[in-house]
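Below is one structure; the comments refer to it alone.
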Amino acid sequence: MGFFTADLCDIFSNKTEVLGPDFNSYGGNKKFKGEVVTVKLDKNNKDLATLLKDTEGSGKVVIVDVNMRYFAVVGDNLMKFASDNKYEGIIVNGYVRDTVTTKEFDIGLVAKGTCPRKYIPAQEAQINVPITIDDVEINPGDFVYVDPDGIVISKVKLV
């Protein structure tokens, strides 16, 4: 996959932002890129699950901003939905679970950490709205590039 985030930052320094270093990889792919789909949710993943299960994801990466209470919002079931619909990856500003299994899917998954519990009562999410993570504004239609060195956000397609 012809890119390295360090090179993108060097070549396109005026067109790139980077998320902080607190993300860890929990998916099968450690390097992925795509057009951004944003999701803002509280603790429950009902609307995220519907998005991943019911929409085509080729060339897309879902970036999820979560109320930072200690609950997991992505696990093996959502990774299966994302994989079945050909998403490139998921970035979670929050927590994930089932990480032994999530690594078996051939898509990317990065998150702040792990938590074994999920939040049960259903809550509404906001899809395709601007979100801010680590002081970086991310909009639907932006582009994201992920490798072991970090997460790069750009308003334009770089590669």
Roughly how many Å² of residue 88 are accessible to a 1.4 Å probe, to the nearest 10? 60
Calculated P(r) tail over 21 Å for the chain, as whole % of Cα pairs: 38
Computed [θ] at 222 nm, deg cm²/dmol, the chain (DSSP H ≥ 4; -39,500 (n - 2.57); rounded to nearest 500): -4500 deg cm²/dmol
Shape descriptors of segment 9-54 over alpha-carbon atoms, Rg and Dmax in angstrom, are 14.4, 39
Please work out the average accessible area per residue across segment 69-108, using the 1.4 Å probe convention, and give it in Å². 43
Where does the charge balance sit around residue 74 when Lys and Arg score +1, Asp and Glu -1, over other residues with C-beta under 10 Å from its C-beta? 0
Got a sec? What order do 25, 13, 154 fall in by accessible area at 1.4 Å, biggest, i.e. largest, first? 13, 25, 154
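What part of the accessible area of segment 1-119, given as a whole %, is carbon or sulfur when the probe is 1.4 angstrom?
47
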Relative contact order (percent) for segment 92-151, with alpha-carbon contacts under 8 angstrom and 6 or more residues of separation? 25
Using the Cα gyration tensor of segment 101-150, with a ≥ b ≥ c the square roots of its eigenvalues, what is the shape: rounded (a/c below 1.5), prolate (a/b larger than b/c) or oblate (neither)? oblate
Which whole-number percent gives the relative contact order of segment 21-136, counting Cα pairs below 8 Å spaced six or more residues apart? 38
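The values are calculated or read from the model by the stated rules, or taken from the named source; none is laboratory data. What you are looking at is a predicted structure, and each value in this text was computed from that prediction instead of being measured. Using ideal geometry, Cβ is built from the backbone for each residue, glycine included, and neighbour counts are taken over all protein chains shown. Please note that ligands, DNA and RNA were not included when accessible areas were found on the heavy atoms of the full protein model with its side chains. Shrake-Rupley method; radii C 1.70, N 1.55, O 1.52, S 1.80 Å.
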